[in-house]
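Notes follow the structure.
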Amino acid sequence: MNETGDAQERGHVEVCPAVTVVIPVHNAGRYLREAIASVLSQTFKDLECVVVDDGSTDDAREIVAEAAHDRRVRYQYQVQGGCASARNAGVRVARGRWLAFLDADDRWLPTKLDRQLTLLETRGDGFAAFCRMRLIDPAGTPLGVESTPSTLSECQARELQFGNVISGSASAVVVATETVRRLGYFDEALWAVEDLDMWRRLAEFGIRFLEVDETLVEIRIHPGSMQQNVDRLVAAERSYFAKLAREVRPEFRPLLPDVAYGFQLRWIKAYLRTGQLLRGLGILATASDCGRWARCRIASNLLQVALRRLRERRAEVGRILY
């Protein structure tokens, strides 16, 4: 096993690869093999793949060992500290000029790094690159859902303050290693939204995000994914919004009610999608951060979604009966 702490083993790896790919993993062995394979099959070869095992109790270590014949693969174990902590551990040992992140349950298309590095090498460290994504199911079958081209404009700091317009999020971004280090790494107090917080901070730091307008990342939706655990998603995004409200730049503070509206509408739709109507109504009842008119907009959206669900259910019953 090529562990990052072994100096002798490190000698077999190219000293300064162009890109360090960080894969944090916690009990995602079922998908990890595909994630690593998608990195090693990149058409851009000058890379190292650092897998940070965040206290897994499954076969993650053994799966990394299977790939250890490729000396670009490095393994690092840590006591469980969360995804942000695992990402930071990878950043600390990274040797590449550029950093790329890949969640252990996601995978890349073969030209992902090639397309992004071609763009970044013409611009420099003051830029980061992302790409479009599509959703896949646990078996890796596309679900027919792809992100649309980004709406990022010239005021990226404002837009990244108030929404995640980086499709594919962590698994889609390439950024300069030293920039992340200077910025102070991922916030380990946040769960599941540390990437959203990082992109906002990068934009405030002056980093410009560039989009490669191609679908190059596949995001896996499965029972253990964040998108399927609405309660944890809501709790995570509440903590992010609280941090944003504390740190928001004065010129952006008047926009906070609109941000609250966006988050709360997202939560309500997530609860409705999973059949938790009362939970959705609970969000509406406590939507105090977004103002009276925004609450009316949320209520209107909630009614529209509920009516659509009712029509779909009636149509489904009709098909069964007839």
Next on the checklist: Just checking: which of the helices (runs of 4 or more DSSP H) contained wholly in region 1-94 hold 1 or more residues that are farther than 26 Å from residue 224 by Cβ and at pLDDT below 95?
Outcome noted: 7-10
Next on the checklist: Going by what's in this entry, would residue 194 be described as under 15 Å from residue 91 (Cβ atoms) and touching a residue at least 24 places away in the same chain (Cβ under 8 Å)?
Outcome noted: yes
Checklist entry - Do we find a residue being surrounded by fewer than 18 Cβ atoms within 10 Å (Cβ to Cβ), in a helix (DSSP H, G or I) and either more than 15 Å from the chain's Cα centre (by Cα) or not hydroxyl-bearing (Ser, Thr, Tyr) (or both) anywhere in region 216-226? => result yes
Checklist entry - Looking at this structure, is residue 169 modelled with pLDDT under 95, under 23 Å from residue 37 (Cα atoms) and among the hydroxyl-bearing types (Ser, Thr, Tyr)? => result yes
Item to check | Count - residues of region 78-89 that are surrounded by fewer than 19 Cβ atoms within 10 Å (Cβ to Cβ), in contact (Cβ under 8 Å) with a residue 40 or more places away in the chain and under 14 Å from residue 50 (Cα atoms) | outcome: 0
Checklist entry - Yes or no: residue 275 at positive phi, in contact with a Lys or Arg (Cβ under 9 Å, 6 or more places away or on another chain), surrounded by fewer than 19 Cβ atoms within 10 Å (Cβ to Cβ) and not assigned by TED's automatic domain parsing to the domain that holds residue 34? => result yes
Checklist entry - What is the number of the single condition among (1) closer than 24 Å to residue 26 by Cα; (2) in a loop (DSSP other than H, G, I, E, B) that residue 110 does not meet? => result (1)
Checklist outcome for this item: Residues of region 19-65 being without any contact (Cβ under 8 Å) to a residue 60 or more places away in the chain and acidic (Asp, Glu), in sequence order, are 46, 48, 53, 54, 58, 59, 62
Checklist entry - How about region 82-130: which of its residues are basic (Lys, Arg) and over 23 Å from residue 33 (Cβ atoms)? => result 92, 95, 97, 115, 123
Checklist entry - Just to be sure, is residue 244 in a strand (DSSP E or B) and either modelled with pLDDT of 85 or more or of a type in the set (Ser, Thr, Tyr) (or both)? => result no
Checklist entry - Which ones in region 95-105 are assigned to a loop (DSSP other than H, G, I, E, B) and more than 18 Å from residue 191 (Cα to Cα)? => result 95, 96, 97
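The values are calculated or read from the model by the stated rules, or taken from the named source; none is laboratory data. These numbers come from a predicted model, not from an experiment. Methodologically, a virtual Cβ is constructed for each residue, glycine included, from the backbone with ideal geometry; neighbour enumeration extends over all protein chains shown.
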